[in-house]
1. Among the residues of segment 104-137, count how many are out of contact with any Gly (no Cβ under 9 Å at 6 or more places or on another chain) and closer than 20 Å to residue 181 by Cα.
2. How many residues are small (Gly, Ala, Ser) and either closer than 16 Å to residue 120 by Cβ or without any contact (Cβ under 8 Å) to a residue 60 or more places away in the chain (or both) when one looks only at segment 158-177?
3. Within segment 122-162, restricting attention to residues that are at pLDDT below 85, of a type in the set (A, V, I, L, M) and out of contact with any Lys or Arg (no Cβ under 7 Å at 6 or more places or on another chain), which residue is surrounded by the most Cβ atoms within 10 Å (Cβ to Cβ)?
4. Which residues, counting only those in segment 34-56, are among the acidic types (Asp, Glu) and exposed (fewer than 10 other Cβ atoms within 10 Å of the Cβ)?
5. Out of all the residues in segment 94-123, which are outside any helix (DSSP H, G or I) and touching an Asp or Glu at 6+ places or on another chain (Cβ under 8 Å)?
6. Find the residue count for segment 1-18, including only residues that are in contact with a helix residue (DSSP H, G or I) (Cβ under 9 Å, 6 or more places away or on another chain) and aliphatic (A, V, I, L, M).
7. Being open to solvent by less than 60 Å² (accessible area, probe 1.4 Å), in contact with a strand residue (DSSP E or B) (Cβ under 6 Å, 6 or more places away or on another chain) and basic (Lys, Arg): is that true of residue 113 here?
Amino acid sequence: MGIINRFLLFVFSIGTAALSVLMLLLCLQAVPESIWLNELHYVLSRPETIGVLAAILVLSLYLLRVSVHTRADYTRRSGDFVVLQNENGGVQVAMPAIRNMAEQTLMGMHGIRMAKVRVTSVRPSRNAPETLRLVQELTVGRNVNVQKLTEAAAAAVRAQIHEVMGLDDVAIDTRITSITDNLPAKRRVV
């Protein structure tokens with residue numbers, strides 16, 4: 001739900017709460033009946049009341065449509081597993097395993113100082129099979145061609161995923177987060 005829809009829902013909720021409080025006060029007879037009946041007759045005789053009620057009806061129908069509407073053309077699910085179907089049955093691969101495999105592949109390449117990969121499971125349409133989408137955030141060295149390096153990195157990760165999981169159409173987005181001369185820190189084994 002977008003920010004505009006959230007704002008409309010907020011206004012609608014505040015209005016409904018105020019109307020509920022008003023009805024509660026009327027039920028508890030906090031306001032004398034002659035006063036609120038006189039005000040109600042006045043409000044119902046005004047032509048602006050029809051416009052306000054029509055706007056509230058349109059807003060409530062719009063919010064109802066937003067609440068039950070699903071995006072049929074592109075749904076995205078992130079979770080613990082991606083489910084692959086093959087002739088042997090279903091296979092589940094943990095998302096962290098895919099992320100670690102991609103990060104190890106990237107860290108073995110010349111020119112990449114640090115790699116962070118985010119993996120999500122994507123279904124392009126309702127009837128299409130699930131596939132993967134990877135976002136690679138790379139820190140690269142100063143002395144490398146970024147265009148060639150990112151193409152090679154995407155190709156290497158695609159090849160690794162094809163070899164291990166048998167997926168062909170994996171979407172990979174690459175972001176260069178930093179360009180540096182520093183070498184990655186050595187990990188100490190204790």
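The values are calculated or read from the model by the stated rules, or taken from the named source; none is laboratory data. Here the structure is a predicted model, which means the values were calculated and not measured. Glycine gets a Cβ as well: all are built from the backbone with ideal geometry, and neighbour counts include every protein chain shown. Just so you know, the surface numbers come from the protein's heavy atoms only, side chains and all, with ligands and any DNA or RNA stripped out. Shrake-Rupley method; radii C 1.70, N 1.55, O 1.52, S 1.80 Å.
1. 9
2. Count: 2.
3. That would be 132.
4. Matches in segment 34-56: 48 only.
5. 94, 115, 116, 117, 118, 121, 122, 123
6. Of the residues in that region, 4 qualify.
7. yes
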